[in-house]
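See below for the structure under consideration.
The values are calculated or read from the model by the stated rules, or taken from the named source; none is laboratory data. Small disclaimer: the values here were computed from a predicted structure and weren't measured. Don't worry about glycine lacking a Cβ; one is built from the backbone with ideal geometry, like all the others, and counts go over all protein chains shown.
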Amino acid sequence: MSESASQTLTSETTDSLRTIIDRPGLLWLDLKDPMSRALDDLSAQYGFHELAVEDSRHYEQLAKVDYYENYSFLIINATHYTEKPCEVRLREIDAFIGSDYIITVHDGPSLAVAELEKRIGTNAKHFERPDQVLHAVIDVVVDRYLPTLDHIGDTIDTVQDDLLLNPDVTLLSTIFALKRGLLQFRRAVSSQRELLNLLIRDDTPFVHEDMRIYFRDVYDHTVRAMDLVETYRDLLTGGLDIYLTQMANRTNDIVKGLTILATIMLPLTLVTGYYGMNFENFPLIKNPNGIWYVTGALVVITLAMLAFFKLRKWI
Amino acid sequence: MSESASQTLTSETTDSLRTIIDRPGLLWLDLKDPMSRALDDLSAQYGFHELAVEDSRHYEQLAKVDYYENYSFLIINATHYTEKPCEVRLREIDAFIGSDYIITVHDGPSLAVAELEKRIGTNAKHFERPDQVLHAVIDVVVDRYLPTLDHIGDTIDTVQDDLLLNPDVTLLSTIFALKRGLLQFRRAVSSQRELLNLLIRDDTPFVHEDMRIYFRDVYDHTVRAMDLVETYRDLLTGGLDIYLTQMANRTNDIVKGLTILATIMLPLTLVTGYYGMNFENFPLIKNPNGIWYVTGALVVITLAMLAFFKLRKWI
Amino acid sequence: MSESASQTLTSETTDSLRTIIDRPGLLWLDLKDPMSRALDDLSAQYGFHELAVEDSRHYEQLAKVDYYENYSFLIINATHYTEKPCEVRLREIDAFIGSDYIITVHDGPSLAVAELEKRIGTNAKHFERPDQVLHAVIDVVVDRYLPTLDHIGDTIDTVQDDLLLNPDVTLLSTIFALKRGLLQFRRAVSSQRELLNLLIRDDTPFVHEDMRIYFRDVYDHTVRAMDLVETYRDLLTGGLDIYLTQMANRTNDIVKGLTILATIMLPLTLVTGYYGMNFENFPLIKNPNGIWYVTGALVVITLAMLAFFKLRKWI
Amino acid sequence: MSESASQTLTSETTDSLRTIIDRPGLLWLDLKDPMSRALDDLSAQYGFHELAVEDSRHYEQLAKVDYYENYSFLIINATHYTEKPCEVRLREIDAFIGSDYIITVHDGPSLAVAELEKRIGTNAKHFERPDQVLHAVIDVVVDRYLPTLDHIGDTIDTVQDDLLLNPDVTLLSTIFALKRGLLQFRRAVSSQRELLNLLIRDDTPFVHEDMRIYFRDVYDHTVRAMDLVETYRDLLTGGLDIYLTQMANRTNDIVKGLTILATIMLPLTLVTGYYGMNFENFPLIKNPNGIWYVTGALVVITLAMLAFFKLRKWI
Amino acid sequence: MSESASQTLTSETTDSLRTIIDRPGLLWLDLKDPMSRALDDLSAQYGFHELAVEDSRHYEQLAKVDYYENYSFLIINATHYTEKPCEVRLREIDAFIGSDYIITVHDGPSLAVAELEKRIGTNAKHFERPDQVLHAVIDVVVDRYLPTLDHIGDTIDTVQDDLLLNPDVTLLSTIFALKRGLLQFRRAVSSQRELLNLLIRDDTPFVHEDMRIYFRDVYDHTVRAMDLVETYRDLLTGGLDIYLTQMANRTNDIVKGLTILATIMLPLTLVTGYYGMNFENFPLIKNPNGIWYVTGALVVITLAMLAFFKLRKWI
């Protein structure tokens, strides 16, 4: 069936539908515009359920697998990370998989599919069954998680160092952007992990026994990714705590500065105020050296204060 | 039975009880006043359990399904969202479902039922069994969740931007209103999800095999809604953290301003106080340019202070 | 056995032991003093296990059910709520239930039992088996939960409004009293829910098939009560957050006020200090209008400051 | 076997090994020094596994049960509470239990074993099988939990009252000591609960059917203890929140006091500064009553300020 | 097979591959450079799966076990702790285990393997099967956890005492370093615990019945380690709370000092300002003792203030 199917389809191939592999036992079609008529044609030809087709036309859905009689429908969650501003976006690759064909659907060009095409060019013999293609797609997608997490981890390290050395309000927005990004990431990874958990546990109709260990390997990667996501969330929450305690420290420092200043200045002002009073019979006032005595007293008071603060390790 | 039942009931139809569909195999009655006598009559005719009837007359209950011998009773949770003030209210649609009939009960007009009536007008052929009606009702109710969540999500985005740019105490009440709304929403969605989970797992007597995949699709929507609710709760908690840190920042800024002012003013005051002392033998005091020397010193001190603060990046 | 048992017991009835129902198939004895000798007599007559008797004589235990060979022993958690000061106390009703008898034990008069006696007076026909009495007791106890929760919910609403409008330290003690009350309440409700969960799931020896749906209905009420308890705890925690942010706001407002005052006053003081210096050759000092020029300058400075603060929206 | 075993052992009894019960069907040996050679002898005689012997010689292990072929090995967690400073220490009682013997091992004298010996003196007939001894030991140990928790609960109540009336930094260390104590306690109780859960669920080889209900009773006590531990932890966290909000309150009060003082003093200082200027043509300055007008003005300003603050309820 | 295998391999032994035990029924090979060609040779000889070989060449993976047909592949997590700066690093020991051989792979010298070699030198008879070697390796690795945790626990104690006595910003970085370290540690220990849980539960092909109790003993140690990790995390979070409350205390103290100073100084300044006014008809001003009256008043005011603060326990 796949043979003839492929021939029929090639004749009506549009820009968006391409045949990537077409050999006995495996037809891989890739469709990069889920809204195109080509999907309707394929759906009619293979008898896809209306719900699956509808799902493949929606975006930002979480990973899942639905088993139908002759085929299965999967949603795979890819992620796209931009560093400035730190943002994680969900990408979606959908797949219809039957006994001898796999149809991948995505909106716009997919980096994962592109990379696989390159690999096939050099090493096509690893792709003989649909589950091998499926594994390769998921593997490429999941392999992208860890570099993204490393990026995020490095950013968190930088942020934490900055928080201890020069805490700044702009770090706050970075922290919250990272937090938001991790929440997005977690949604993608956790549903992807659940999907892989199903693929390795169930009697999945389209996964052959010898491929199960490979899917399990990808599953281990998603477990590790989740583990890192949780660690990073903990560290980010800790980062916010550092910020708050640093702010509390800074308030203390500023208020301490103000207090030291006031403690030195107010007594001096009192002394000058004292000698500014208009009493006629004022000691020292007519003494020619009176002004120097007082000036000396002012200097002594200041130095005594400074020594006192030094002693208390306030300055 | 449904045939004759429908005829009997039409004769005694009140304002609140309407027959929406009446065809072989499916009778759909809709009752918009659960307190009316019509419910007692229906209950007597179909032999509904007193507990089910009582439940359908209470409001604000969580979604559930009770299986009785010849029929089942369901509570479905709709939500009603008003934006200003942000508030989520639970609405309830109850359903008695038998082999060839479904009776929906709700207090006052229901938007979901109204929308379904419109659809039936254009496309009645999809409604041939009670479980199809039930699915349609739940589907319409659950489809309402996501726009509501999008609204809430947009509000949260606006609030978070405002928190970083101009934090204001009125944002606090918005945050707490959103929090309260999400708590309400979560109660509705989580019990609804449990309900759907039962409908797709159990050997539910009234759900036919071919409808199960449709109920599963609705279930996936509730899972996604819950997922968003949790993400939004996290973001709101983060929002409160932003507010608190911004308050800490602002306190620091204000106290810093006060400290800078005091640091500039107090030395100047000290100088004027010094020359305000009444000593007779005072240097400069009789010098005709003395006042200009001192005034110059005051200006120099001020500028030096400002330069110092500039250097320390305080201003 | 219950017939003769009842006759034996009636003869030795004390104040604390009363026969509420005594008909074929159902003997309901109520004992309002677990320390009385009557319990020992009953225990000897029916062969109750020493552990069960001991349990019925302790207070503040959590709800549970213990199955013995010919009877079962239950602890039911009632709650008693007092509004000022907000406090939740655990009350306990214990029950020994056999095939044709039920013995309820409680310390002091029980509102639940009293209410049931009233109902029996008007409608005794609903009580024909021990499990119906048990259901009635639990139902009355659980029905009390929701009004209590409504009270608590209303208090929380009032508290939250007060927190936003006029935060006050006395609100703190109210919040913590509510928190403590909810913790107590949660202990009672959650163990009661577990008890009911056992009664509807297990092959409970003393619950007849037709009563199971009634116990399930009570179970649903406890689930809803727990759900509300959790929602209220969340809101209370939020209330504490409001209080803290309001305190931060108030600190800011006070410090801002101080800063504004200092900013206006210090320059004015500087000017008066300047003209208070004793230089002989002082500009303006001998000008007859000098004082008015300076006074004018002071007024202008003040107004300029106020305008500046107005512009910055500080006042 | 136990007969001869007991005879052999009595002959070589050291200070640390004592025979508490020795009757047909039950030999209870108690060893208060796990490092002594007696344990090696017993181990050789009964064929204990090296791991079990090693475990009985380590301290601060969590409760557990290990099943071996002819015997089982249990670690039971007792707790020791000292009030000042509030501290909870783990004590450990280990037990080897076979079909007709039980050997308890502990480091130093055990209050639990001492109390049991007293009971046996008065009522030896309850101890006929090893599982009855085991139950008695665990029962005594677990009965100690609740008084400890009551002590902790009372301390928490006192602390919370103090926090609202006179918050003090020493309360902080009490709170953290209690927190640490509860963490220790929780470790002991939760593993003890798991142990009891195993004893009542599994087909435990050494627990007879009629004792299961007694173990279940102890299990209920550990559940209640855990429940209280969690409640207390919640209250302690709340206590820290009270402290922080009280600190925020106090800061506000102090700053408010400073602001009030400054608001009253600064205008007065301005007025005196104004009349301290040296202009020759000064209004009022030569008026004999000028000083009284100004003094009056100072008094009026002060009273007006105070009235204003009174009105605003600041003082 | 192992016999001949060992002979073949010895001939091509490189620096990194060593034969530790080679007796009938057990060949233990240790490879300290997973990148070396020796691993490829071994893999070819024993038929290891490409995924297992690849895993053994990656670092920082979490503990796991993969079962293949004739052998199993394990990753074991060792930890390496450095005190200054407090840091926990994951080390990894991988193992291929078959019916009569075990191959351990690690990057660089392994302390665990080195220690085992020493033990074998003195007591080789305990190592007769691969599962005994595996147990020994895991046992040594897990035994390292507790000393590390004790170190961390001691550091936490010191930090908490410091926090109460002299809170300092450098303690913050220590707390966060400990937190980060514990997060790393927890990842290692929790996956190790899961691994051991699998080894004692499953029908693990390579673990003999009599070794299961030994693996269970190691499992108990990981449970205890996890338990301590959680306790320490709780204490660290508490440590941050102490820091924040101490900062709040300190702010209060500083602001209180400022307020006391201002409260004493401002009235004094007012008095001197009052007598600095230039009114001609000034009471006391011409009185020869006027200055002493006023000076006395200043002293009295100061003493009264100090007494007042003393009374209020502010100083």
The conditions are (1) small (Gly, Ala, Ser); (2) within 14 Å of chain E (Cβ to nearest Cβ); (3) surrounded by fewer than 16 Cβ atoms within 10 Å (Cβ to Cβ), and D:SER56 fails exactly one of them. Which is it? (3)
Subset of region B:89-111, residues modelled with pLDDT of 85 or more, in contact with a helix residue (DSSP H, G or I) (Cβ under 9 Å, 6 or more places away or on another chain), surrounded by fewer than 20 Cβ atoms within 10 Å (Cβ to Cβ) and under 17 Å from B:VAL140 (Cα atoms), comes to B:LEU111
Residues that are without any contact (Cβ under 8 Å) to a residue 60 or more places away in the chain, under 30 Å from the mean Cα position of the chain (by Cα) and under 29 Å from A:GLU230 (Cα atoms), at least 2 per element: which strands (runs of 3 or more DSSP E) completely within region A:35-147 meet that? A:72-82, A:87-97
Quick check, is C:VAL88 among the hydrophobic types (A, V, I, L, M, F, W, C) and under 26 Å from C:TYR46 (Cβ atoms)? no
So which of E:GLN246, E:GLN160, E:GLN184 ends up being touching a Pro at 6+ places or on another chain (Cβ under 6 Å) and of a type outside the set (Asp, Glu)? E:GLN246
Among residues belonging to region D:208-236 that are of a type in the set (Val, Ile, Thr) and in contact (Cβ under 8 Å) with a residue 12 or more places away in the chain, point out the one that is nearest to the other protein chains (Cβ to nearest Cβ). D:VAL223
Regarding region B:72-88, can at least one residue be identified that is in contact with a His (Cβ under 8 Å, 6 or more places away or on another chain), within 14 Å of chain C (Cβ to nearest Cβ) and modelled with pLDDT under 90? yes
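A quick yes/no check of all residues on (1) under 29 Å from A:PHE309 (Cβ atoms); (2) in contact (Cβ under 8 Å) with a residue 24 or more places away in the chain:
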{"site": "A:THR263", "(1), (2)": "yes, yes"}
{"site": "A:VAL271", "(1), (2)": "yes, yes"}
{"site": "A:TYR275", "(1), (2)": "yes, no"}
{"site": "A:GLU280", "(1), (2)": "no, no"}
{"site": "A:ASN289", "(1), (2)": "no, no"}
Which one of E:ILE200, E:ILE152 is among the β-branched types (Val, Ile, Thr), in contact with a Phe, Trp or Tyr (Cβ under 8 Å, 6 or more places away or on another chain) and closer than 30 Å to D:ALA177 by Cα? E:ILE152
Please verify whether region C:205-219 includes one or more residues that are farther than 30 Å from C:PRO130 by Cα, among the hydrophobic types (A, V, I, L, M, F, W, C) and not in a helix (DSSP H, G or I). no
Please work out if B:ARG250 is farther than 30 Å from A:LEU284 by Cα, touching a residue at least 60 places away in the same chain (Cβ under 8 Å) and surrounded by fewer than 20 Cβ atoms within 10 Å (Cβ to Cβ). yes
Go through (1) in contact with a Phe, Trp or Tyr (Cβ under 8 Å, 6 or more places away or on another chain); (2) among the hydrophobic types (A, V, I, L, M, F, W, C); (3) surrounded by 22 or more Cβ atoms within 10 Å (Cβ to Cβ) for B:VAL255 and report which single condition fails. (1)
Looking only at region A:200-244, how many residues end up being touching an Asp or Glu at 6+ places or on another chain (Cβ under 7 Å) and of a type in the set (Gly, Ala, Ser)? 0
Take region A:124-150 and flag every residue that is exposed (fewer than 14 other Cβ atoms within 10 Å of the Cβ) and not aliphatic (A, V, I, L, M). A:LYS125, A:HIS126, A:ASP143, A:PRO147, A:ASP150
Restricting the search to region C:276-315, which residues are among the polar types (S, T, N, Q), at the interface with chain B (Cβ under 9 Å from one of its Cβ atoms) and more than 20 Å from D:LEU270 (Cα to Cα)? C:ASN281
With criteria (1) within 12 Å of chain D (Cβ to nearest Cβ); (2) among the hydroxyl-bearing types (Ser, Thr, Tyr); (3) in contact (Cβ under 8 Å) with a residue 12 or more places away in the chain, C:SER173 comes up short on (3)
From the list C:LEU303, C:LEU266, pick out the single residue that is surrounded by 15 or more Cβ atoms within 10 Å (Cβ to Cβ), assigned to a helix (DSSP H, G or I) and not small (Gly, Ala, Ser). C:LEU266
Please specify each residue of region B:269-282 satisfying the condition of being crowded, with 22+ Cβ neighbours inside 10 Å and among the hydrophobic types (A, V, I, L, M, F, W, C). B:MET277, B:PHE279
Within region A:238-275, which residues are closer than 30 Å to B:THR237 by Cβ and either more than 9 Å from chain B (Cβ to nearest Cβ) or acidic (Asp, Glu) (or both)? A:GLY238, A:GLY239, A:ASP241, A:ILE242, A:THR245, A:GLN246, A:ASN249, A:ASN252, A:ASP253
Residues of region E:1-21 classified as modelled with pLDDT of 50 or more and more than 25 Å from E:GLU92 (Cβ to Cβ), total: 0
In region D:184-207, residue surrounded by the most Cβ atoms within 10 Å (Cβ to Cβ) [restricted to those that are without any contact (Cβ under 8 Å) to a residue 24 or more places away in the chain and not polar (S, T, N, Q)]: D:ILE200
